[in-house]
Each structure stands twice: as structure tokens, then as C-alpha cells.
Amino acid sequence: MPLPMYRPLAVLLLPLVAACGGDAAAVPESSTPPVPVSLVQVQQDSVAVPVTATGTYGSRDEVPLAFKIGGVLARLVVDEGDNVTRGQLLAALDLREIDAMRRKAQVAVDKATRDVTRLRSLVADSVATRAQLQDAESALSAAEADLATADVNREYAVITAPGNGRVLRRRTQAGALVGPGQEILLMANDTRGRIVRIGLPERDAVRVREGQSATITFDALPDRSFPGRVMQRGVATDPRTGAVMIEVSVSGADAMPTGAVARVQINVPSSASMLLVPVEALLEADGDSATVFVERDGRAYRQRVRVLSLAGARVGVQGIAADARVIGNGAAYLTDSAAVRIVDGAQ
């Protein structure tokens, strides 16, 4: 019977193994060459750690404007974004019914006044009793109170600007029927200036004091920074978020719109001892965390660190040992547990 044309691979390799001395372990295994890398110097130093947070920009005082009584909205003369001045007319109710109620109250006062005058004469002539006069005087007082109420309602049937500022929101339109206390407009009152409001966790809030300087940047203007100062620190935490609210004044940013996202760095005087590594050693930065590669026994191991501060070209981190062999050049080409070759000393 003829032999088959093909034999198993193992059979074909037997002569090659025998030619090498019969030692199967002598067949070299394929492997990835080590990645050339360099180490960076890890320093421990005391660094001033600023407090940073993101907040929103706007006026220090935001005032919701409403009518004391309900009625038909006759006029609404401003739009969102309009600048307004103190005392400027913003909105008004239809005053016909309100003025009619005031006239009715005035008529009641006039009648009660005549009754008191007549009864005083009758009491002097002993025709009417003093009790009747007292009842008339009480009716006059009640009528005068009703007139005062009508005057107040008439006064608050018109909305005027409580100060200089701008209209942030317009809630309804002229002709609508509105109720007592229903918000018609939201106004930013610039009398006390414009600020950035930020929420800080307790560990950062306790380091903040009123009067500390700050630097503010906006997403819309990433290449510019604005000076600021801490105006007020909250005395209680928000029950929903646990954050303490901080108000930071801003200088020179009047052109920014209300609600703009701002990044605030508060320059607190305290410092902390921390490990510093060059910026180029950090990978996969996300918020206050990043990744570094640490060399041990010829291999690179991925390690997550917390970013504490930026000090020039170095970054304060937490999460590595002081004697860690942190990889700089070549780190971007590494995977976890990859073999590495140190090509020069620490830098």
C-alpha cells in the first residue's frame, strides 16, 4: 500500500529536534521585546494646595417678581436679557377692578366720617349715646383700614425694578390671568455685584476664608482669567449634596452671560507635603485622577493616582510610594505588565 502524501507536523519535526540534540526545550519561544523607557524623579515637598471647583456665574441677588393680588396682566414691557434701572416699570395688571375696589373703600370712609361727625353733635346735645358714637368711630377705623388695603393692592398691581440689573426669565405674556404671588419675572439685581457660586466638600470648605484671592476662568474664554475674591462662605451644608456654598466675586467679566460655567481656584495659604512627578508621567487624566506606570522587576504596572495640585511642570499626586520607579518617556506605549528596558537614569 502506498504511503500517505502528508504526515503530522510532529512527525516532520522529529529530525529537527534530533539534530539539535534531542532537547525539545531548546526550541526558542517567541516573545515581545522589552519597551525602552526612562524613569522620572519622584520628589516629596510641601506645596500650597489651592481649592478648585466649578460653578455658575450670575448676580449676587436674584429677585423673583410677582403681584400681590391676582388679575389680568395688562402690560409686560421687558424681555429676557433686557437691562433695567431702579424704578423702571416692568409689568402692570389691568387696574379697572382694582381702582373700583379702591373707590368703594373711599366711599365707605367718607360715609363713616360723616356718621362720626353727626353723632358727635348728637352726643353733645344728649340726643345720641356715647356707645353709638363709639360704634361709628369703630366703623370709621374699619373703613380706613379697608382703604389702606386697597391702596396697597393698587401699589403692588404694578411691578417696578427694585434696582439696576437685567431680566433673567420672563414667565408669561400680556393678557394672561395671573394669581397672587405667581412669578412673572426673575431679575438679577446688580446692586451688590456679580459672583460665581460654587459648592465645596467639607474638607475643602474649612480651608476657605472670606477675603482670600481667587482666579476664575470660563469655558467660553479658556485663554483668559479674571481676578476674584471670596465674598461669603456658607455656614451650613446643603442637605441634598452635602456641599458648602461659597460666593466668589469676579472683576472684569461683566460681558459674560448669567449662568456661564466658571472654574474657580481659591488661593488658600495652607500647604501640604506630597509627592511630585512630572506632568508627562500622567496618562488617562479624568478630573482629579490619572494613571501612571511604575516599573518593578523589569515590568511596567499600571497604577491609578489622585491628582492633588499643579506646581509648575510637576503634579502633586497621592497613591504611589515615595520610592516608586515612575516611568516617563515611553509610558504612552505600555500595557499593564509589559516588559520594559530602562534606557537612562531618572529625570
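Structural remarks
- Listed residue (65, 342, 262) projecting farthest to the positive dipole end of the chain, Cβ model: 65
- Close amide H contacts of residue 128 (hydrogens built in the peptide plane, cut-off under 5 Å, sequence separation of 5 or more or a different chain): 123.
- Rg(Cα) / (2.2 N^0.38 Å) computed for region 144-267, rounded to two decimals: 1.43
- Computed as a quarter of the hull surface, the mean projected area of the alpha carbon convex hull for region 69-178 stands at 8.4 nm².
- Computed from the Cβ-Cβ distance with R0 of 22 Å, the FRET efficiency linking residue 223 to residue 306 stands at 0.20.
- Degrees separating the helix 96-124 axis from the principal Cα axis of the chain, which is the longest one: 40
- Between 165, 113, 36, the Cα set farthest toward the positive side of the dipole of the chain (charges on each charged residue's Cβ, about the Cα centre) is that of 113.
- For the chain, the alpha carbon convex hull comes to 317 Å³ per residue, rounded to a whole number.
- Dividing the C-alpha radius of gyration of region 231-347 by 2.2 N^0.38 Å, with N its residue count, gives 1.45.
- Between helix 9-19 and the chain: long-axis angle, C-alpha atoms, 0 to 90°, nearest 10: 50
- Most simply put, the chain has about 95% antiparallel DSSP beta bridges, counting only bridges with both residues inside it.
- Within region 226-321, trypsin sites (Lys or Arg not before Pro) in DSSP loop having at most 10 other beta-carbon neighbours inside 10 Å: 240
- Stokes-Einstein translational diffusion, region 223-282 - Kirkwood Rh over all Cα pairs, 1.002 mPa s, 20 °C, in µm²/s: 142
- The slack in the chain from residue 215 to residue 38, taken as 0.36 nm per residue of separation less the alpha-carbon distance, amounts to 60.1 nm.
- Computed from point charges on the beta carbon alone (+1 for Lys and Arg, -1 for Asp and Glu), the dipole magnitude for the chain about its Cα centre is near 480 Debye.
- Sequence-ordered 3J(HN,Hα) estimates for region 56-73 from the Karplus curve with 6.51, -1.76 and 1.60 and θ = phi - 60° stand at 10, 9, x, 5, 5, 10, 10, 10, x, 10, 8, 8, 6, 10, x, x, 8, 6 Hz, glycine and proline given as x.
- The residue 134 and residue 192 beta-carbon pair, evaluated with R₀ = 45 Å, returns a calculated FRET efficiency of approximately 0.30.
- Phi angles across region 248-263 convert, under the Karplus curve 6.51 cos²θ - 1.76 cosθ + 1.60 with θ = phi - 60°, into 3J(HN,Hα) values of 10, 6, 10, 10, x, 10, 4, 6, 6, x, 4, x, 5, 6, 10, 10 Hz, Gly and Pro given as x.
- Residues whose amide H lies under 5 Å from that of residue 212, counting only those 5 or more places away or on a different chain, are 230; hydrogens are built 1.01 Å from N in the peptide plane.
- Amide H to amide H, with H built 1.01 Å from N, residue 195 comes under 5 Å of 58, 59, 60, counting only residues 5 or more places away or on other chains.
- Ordering 332, 74, 246 by Cα displacement along the dipole of the chain toward the positive end leaves 74 in first place; charges were set at the Cβ atoms of Lys, Arg (+1) and Asp, Glu (-1).
- Each Lys and Arg contributes +1 and each Asp and Glu -1, all at the Cβ; summed about the Cα centre of region 69-178, the dipole is approximately 200 debye.
Coordinate-derived values only; no laboratory data. All values reported here derive from a predicted model rather than from experimental measurement. For neighbour counting, all protein chains shown are included, and Cβ atoms are generated from backbone atoms with ideal geometry for every residue, glycine included.
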